[in-house]
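The values are calculated or read from the model by the stated rules, or taken from the named source; none is laboratory data. The model shown is predicted, which means the values in this text are computed figures rather than measured ones. We place every Cβ from the backbone using ideal geometry, glycine too, and count neighbours over all the protein chains shown. Protein only, heavy atoms only, side chains kept; ligands, DNA and RNA dropped before computing areas. Shrake-Rupley method; radii C 1.70, N 1.55, O 1.52, S 1.80 Å.
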Amino acid sequence: MLSDATRTTRPKLIEMQWYFVAMVTAAIAISYFDRQTLPVAIAAIQRTIPLSNQQFSWLQFAFLIPYALLYAAGGRMLDVLGTRRGFILIMLWWSVACALHGLAMNFGFLLGARCLLGMGEGGALPAATRVVAEWIPLRERSTAMGIINAGTAVGSVLAPPLIGMVLLASGWRMVFFASGAAGLAWVVWWSVRYRGSNDASIATLDARLIAQQLSFLDLVGMRGVQVLVFAKFMSDSAWYFYLFWLPKYLYDVRGFDVKHVSYYAWIPYAASGIGSFLGGWLSSTLLSRGRSLNFSRKFVLGLSALFMPVVMLVPHVPVGWALMLFSIAFFCQQSWSGLIMTLPADIFPLSAVGTVSGLVGFGGAIGGAIFGVVAGFLLGQGFGYGTLFVIVGTFHLIGFLAILLLGGKVQPLKTPDLLRIESQS
């Protein structure tokens with residue numbers, strides 16, 4: 001029977017858990033708003049700084065390569081510094097970097113600012129995964145990660161209309177200054193309110209797991225980690241293409257102007273937020289109804305991948321239908337993404353969650369960087385967007401097949417050392 005103190009403390013603990021999830025969701029929303037500033041404002045920027053398709057692709061490359069490298073390094077840093085201090089450092093860096101875009105006078109300055117932004121944002125999702133691992137029980141983790149991942153949609157949905165309003169009122173430089181200021185405000189909020197979990201069971205479990213601490217090389221050498229990295233490499237090659245090139249596609253092919261992009265480009269991103277939440281919720285529901293962790297995660301991943309090829313039809317339909325097809329793809333992509341980023345917390349001890357999620361994100365960002373340059377090259381050589389949509393429509397299916405055939409069973413990691421520790425307890 002629960003004591004009066006337990007009855008009082010438990011609701012407060014649950015409230016605190018989801019409050020921290022909301023804080024991280026806000027951070028991810030700011031992150032995706034910041035990275036959308038350049039694609040949405042590109043038409044206005046080009047009136048001051050002329051940019052070719054190839055130069056535009058290099059700007060994305062300059063973001064994604066540091067993003068990828070700091071995704072891996074940032075994940076490890078978070079495991080060393082802890083979630084609270086690590087997230088403060090990450091957010092300060094990327095907020096200042098975003099504001100620096102507003103000072104650009106040429107392509108080289110934009111390139112450098114984009115590089116700094118990628119360096120800062122690389123640690124965001126590893127930090128989010130650590131918060132989930134610290135505070136959220138296993139049966140609710142995919143729901144929590146789905147909510148956090150929906151922050152990507154919140155930022156992306158708000159970006160076109162808000163950036164459009166600022167562009168029309170104050171010019172493109174103010175877009176970057178305002179975005180940077182929002183990030184600095186979040187840092188103050190996080191500094192005041194967040195603390196690590198004091199839950200005794202979590203602390204005890206992590207202390208036991210540290211006894212069999214896995215080194216960075218141990219983790220890199222695991223086939224399960226390699227498969228997750230490859231799956232994220234494939235899926236994010238498609239995702240970053242959509243994220244960075246959709247506004248430009250609407251400008252170049254569908255004849256949109258800034259007002260049209262402001263009115264309509266948010267729709268697929270809204271669908272992505274719904275998909276992120278529903279994918280996590282469905283996986284948690286399957287788990288709570290007695291299905292295995294392995295089935296609950298892989299079933300929703302497979303369902304999400306199944307519908308991604310609809311983007312192949314985009315060039316062949318009117319613009320209204322094209323937005324609907326993008327919306328389906330965005331819905332499924334973010335359902336997939338939330339679950340992929342939940343798997344490190346499902347499988348690995350807290351002492352390794354930041355590192356593994358960082359490696360997974362590294363794979364995704366490298367894929368996005370490489371395919372972004374390929375996309376710019378193909379468009380420069382006369383290939384149409386239709387060719388690119390056919391290519392990216394296959395990527396999630398390839399990633400899912402790798403998980404299904406090579407990834408093994410989704411379950412908490414069991415090592416000989418851990419089994420020995422558990423048998424002695």
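Efficiency by 1/(1 + (r/R0)^6): what FRET value for Thr394 and Val192, r their Cβ-Cβ distance, R0 = 41 Å, to the nearest 0.05?
On the way: r = 46 Å, r/R0 = 1.13.
Given R0 = 41 Å and the Cβ-Cβ separation, E is 0.30.
So how far apart, in nm, are the two label points at Val253 and Leu138 if each is 7 Å from Cα heading toward Cβ?
Here the modelled spin labels are 4.4 nm apart.
Run the quick spin-label model on Ala270 and Asn106: label points 7 Å from Cα toward the beta carbon, then report their separation in nm to one decimal.
4.3 nm
Between Gln55 and Glu15, what length comes free when the chain is fully extended (0.36 nm per residue of separation minus the Cα-Cα distance, one decimal in nm)?
Working: separation 40, 0.36 × 40 = 14.40 nm, distance 4.70 nm.
Result: 9.7 nm gained on full extension.
Given the rule -39500 (n - 2.57) for each run of at least 4 DSSP H residues, summed and divided by the residues of the chain, what is its mean residue ellipticity at 222 nm, to the nearest 500 deg cm²/dmol?
Numbers: 19 runs with 345 residues, N = 425.
Rounded to the nearest 500, the figure is -27500 deg cm²/dmol.
What ³J(HN,Hα) values, in whole Hz, does the Karplus curve 6.51 cos²θ - 1.76 cosθ + 1.60 give for the stretch 120-135 when θ = phi - 60°, with x put for Gly and Pro?
Rounded to whole hertz, the list is x, 6, x, x, 5, 6, x, 5, 4, 5, 5, 4, 4, 5, 6, 10.
Can you compute the FRET efficiency between Leu405 and Phe177 using 1/(1 + (r/R0)^6), with r the Cβ-Cβ distance and R0 = 51 Å? Round to the nearest 0.05. Mind dumping the intermediate values first?
Numbers: r = 49 Å, r/R0 = 0.95.
So, using R0 = 51 Å, E works out to roughly 0.55.
Within the stretch 31-90, what whole-number % of the accessible surface is contributed by carbon and sulfur, with the 1.4 Å probe and all protein chains included in the calculation? Working shown, then result.
On the way: 1310 of 1980 Å².
Using a 1.4 Å probe with all protein chains present, the stretch 31-90 comes out at 66 percent carbon and sulfur.
Given a Förster distance of 35 angstrom, what is the FRET efficiency for Ser170 paired with Val317, based on the Cβ-Cβ distance and rounded to 0.05? Working shown, then result.
Working: r = 36 Å, r/R0 = 1.03.
For R0 = 35 Å, the calculated efficiency reads 0.45.
For the modelled label position 7 Å from the Cα of Phe383 along Cα-to-Cβ, which residues of the stretch 342-371 have backbone nitrogen atoms closer than 13 Å?
The answer is 371.
Within 10 Å, count the other beta carbons around each residue, average over each peptide in 160-170, 278-288, 324-334, and list them highest first.
On the way: 160-170: 18.2, 278-288: 21.1, 324-334: 23.4.
Those peptides, ordered most packed to least, come out 324-334, 278-288, 160-170.
Viscosity 0.692 mPa s, temperature 37 °C: give me the Stokes-Einstein translational D for the stretch 276-393 in µm²/s, with Rh taken as the Kirkwood radius over C-alpha pairs.
Rounded, D is 204 µm²/s.
With every protein chain kept in place and ligands, DNA and RNA left out, what is the accessible area per residue of the chain? Probe 1.4 Å, answer in Å².
Details: 16680 Å² over 425 residues.
Computed with neighbouring chains in place, this is 39 Å² per residue.
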